[in-house]
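Shown next, in structure tokens, is the structure this report addresses.
The values are calculated or read from the model by the stated rules, or taken from the named source; none is laboratory data. Quick caveat: nothing in here was measured; it's all calculated off a predicted structure. Cβ: placed from backbone, ideal geometry, glycine included. Neighbour counts: every protein chain shown. Ligands, DNA and RNA are stripped out before the accessible areas are found, and what is left, the full protein with its side chains, is counted by its heavy atoms. Shrake-Rupley method; radii C 1.70, N 1.55, O 1.52, S 1.80 Å.
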Amino acid sequence: MDKKRTVVPLVCHGHSRPVVDLFYSPITPDGFFLISASKDSSPMLRNGETGDWIGTFEGHKGAVWSCCLDTNALRAASGSADFSAKLWDALSGDELHSFEHKHIVRSCAFSEDTHLLLTGGVEKILRIFDLNRPDAPPREVDNSPGSIRTVAWLHSDQTILSSCTDIGGVRLWDVRSGKIVQTLETKSPVTSSEVSQDGRYITTADGSTVKFWDANHFGLVKSYNMPCNIESASLEPKLGNKFIAGGEDMWVHIFDFHTGEEIGRMQQGSSRSCPLRAIFTRWGILRIWIRRRHYKNLADWACK
């Protein structure tokens, strides 16, 4: 009788309070890296392959809601409930600059060329900071209709994507004019949004629905109903033939991108899923399921 194959995740301790955001760097000459944001106020940097702790960024005085790494994983940024976004040296852990805001910062993102930092939060203002002139006043984009939950860049930093905490839809802003050029309509507030690695799709989660949009023409490509309310969804970055979604049922579900059929799941944790590995968190713990090359697909190792 064949033995059922199970996979034990990498378990990464360190945070003392729940983890609320995760970000993987692109692959660099030194590998790839993972940064996590937590309500314990201290973002942590890890090896993206092994989960090994590299360092902790210390300086925030409130919950950290968002974190990211630049293209080369040389700098990190974080947005916090202490009304600031901070820029960090990812090699030394030193704070390079603190960008003061007037309310909670919920999201931040480096531009593709790494020269700009985008922030958004409870103030309903999108701010663009020039990292070559960190003391200069930021450029402020036209006011958002609601408190900002997620932000991202696309179209070679010519377009900004944002979603709101209390209003449905994803808004696309032209950076030059500072105006909304398109709204991707959703019934519920969008809890996660991301641009696929190849720039073809925008993935959104709202309520119990995961949607995929054409990132160039903004038409709806696919929409799938999920088994529960979803907090986060992510498209597999290499082939784009699967996606994962995690939500209130405390499972990470694996789906076929083309059919929406569930092909696997990974057991218990929180509700965050990430592009290069399936990860979810609870109680300050990260769990990483590594996709092994010799398995045919994620379901081969995710299902018992």
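Data overview
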| read-out | value |
| --- | --- |
| Accessible surface, 1.4 Å probe, highest first, among residues S66, S188 | S188, S66 |
| C-alpha center-to-center spacing [the stretch 118-144, the stretch 174-233] in angstrom | 23 Å |
| Chain lengthening between R139 and V11 when straightened (0.36 nm per residue, less Cα-Cα) | 42.0 nm |
| Where only C-alpha atoms are counted, convex hull volume of the stretch 18-143 per residue in Å³ | 94 Å³ |
| Per residue accessible area of the stretch 145-255, 1.4 Å probe, in Å² | 39 Å² |
| Helix-only [θ]222 nm of the chain, DSSP H runs n ≥ 4, -39500 (n - 2.57) each, per residue, nearest 500 | -500 deg cm²/dmol |
| Reach of K179 by Cα under 15 Å, taken over aspartates and glutamates that are not fewer than 8 positions away in the same chain | E140, D142, D157 |
| Estimated inter-spin distance, I167 and V181, nm [label 7 Å along Cα→Cβ] | 2.0 nm |
| Average Cα contact separation per residue, the chain, under 8 Å, 6 or more apart, as relative contact order % | 12 percent |
| Residue with peak Gaussian network fluctuation, the chain [Cα springs, cutoff 10 Å], from D198, D82, D40 | D198 |
| Portion, in percent, of the accessible area of the chain that falls on carbon or sulfur, probe 1.4 Å | 48 percent |
| Using distinct alpha-carbon pairs, which all enter the 1/r mean, Kirkwood radius of the chain in Å | 19.3 Å |
| P(r) weight above 18 Å for the stretch 103-148, C-alpha pairs, percent | 25 percent |
| Exceeding the 22 Å Cα-Cα cut-off - candidates K86/K187; K187/K222; K61/K102 | K86/K187 |
| Full-stretch length increase - T50, T259 - with 0.36 nm per residue and alpha-carbon distance subtracted | 72.1 nm |
| Label-point separation in nm, M250 to S223, each point 7 Å along Cα→Cβ | 3.1 nm |
| Accessible surface, per residue, of the stretch 1-134 when the full set of protein chains is kept, probe 1.4 Å, Å² | 47 Å² |
